[in-house]
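Quick note: the coordinates plus some simple rules give every number you see, no bench work behind them. Since this is a predicted model, take the numbers as computed values, not measurements. Glycine also receives a Cβ, built like all others from the backbone with ideal geometry; neighbour counts cover every protein chain displayed.
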Amino acid sequence: MGSDYFKQMSIALFFLLAVPATVVLRQKTQVGFYSRSCPRVEAIVQSAVKSQFNSNPTVVPGLFRMHFHDCFVRGCDGSILINGDGTEKMAGPNHLLRGYEVIDDAKTQLEAACPSVISCADILALVACDAVVLAGGLGWVVPTGGRDGRVSLASDASNLLGFTDSIDVQKQKFAEKRSQYSRSCHPWGHNIGTSACPFFRYRLYNFNSTTGADPSIDSAFLPQLRSLCPENGDSSKRVGLDGRSENMFDNSFFTNMRNG
């Protein structure tokens with residue numbers, strides 16, 4: 001992709017990084033909140049995540065995305081985990097979220113060790129951090145003691161970032177959320193995992209009347225993308241976001257973007 005696109009993405013990343021590092025809950029959180037009530041909470045969560053990671057490394061981006069979607073809507077309150085019709089989980093942007101089994105596994109183990117102590121919101125926050133570390137990324141300090149949200153509405157998820165949102169729209173959405181952020185939600189989610197063809201195929205064909213493709217896509221890269229996602233191809237096919245290390249949390253995605 002061209003330099004103009006890289007500049008736009010750099011601006012978007014700046015806004016992501018400018019958001020304070022943690023989404024404010026309605027009460028204070030602190031590092032080591034469970035040091036007395038459940039001292040092994042972090043070890044138990046880490047073990048659950050590692051077990052799932054060893055059998056399926058692709059679970060990492062799913063967990064990371066789930067945490068982000070939870071935090072972006074009502075703060076990191078675990079409301080994405082609530083089941084039922086009309087909940088956040090049922091909203092369109094959340095239909096493809098995955099990794100719930102990891103949360104369930106960690107919750108089961110924690111209930112056996114420390115019944116009714118650890119909130120689901122904290123489990124999700126800890127799981128996301130551990131997943132990133134297992135995939136080669138840097139960890140971050142996760143404050144705990146957050147309470148689970150009791151409200152979960154699909155309509156609230158309408159402000160999540162959309163794959164067709166322009167840079168300006170994304171900037172505006174983050175600007176609106178800025179005052180709410182106070183919990184770890186690292187922005188570099190696109191450097192790990194895959195994307196289904198329908199999420200970018202529209203940029204490869206019939207995008208405009210001149211070339212058919214989005215002009216911001218490097219012309220040398222276009223044939224490769226089209227071969228991976230034919231115009232009328234399988235909509236369930238997934239393509240690595242960075243092309244080389246889709247299961248590793250590294251900087252390849254940004255290096256590729258900088259190089260066009």
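Relative protection proxy for 232-240, 148-156, from highest mean packing down: 148-156, 232-240 (other beta-carbon atoms within 10 angstrom). Relative protection proxy for 198-208, 72-82, from highest mean packing down: 72-82, 198-208 (other beta-carbon atoms within 10 angstrom).
Here the label points at Ala220 and Lys173, each 7 Å from Cα along the C-beta direction, are separated by 3.2 nm in the simple model. Across the alpha-carbon set of the stretch 101-163, the Rg to Rh ratio works out to 1.03, Rh being the Kirkwood radius. Proximity of backbone amide H atoms, modeled 1.01 Å from N, is registered between Trp140 and no other residue at under 5 Å, excluding neighbours fewer than 5 places apart on the same chain. The protection proxy used here, the mean number of other Cβ atoms lying within 10 Å of each residue, ranks peptides 160-173, 55-68 as follows, highest first: 55-68, 160-173.
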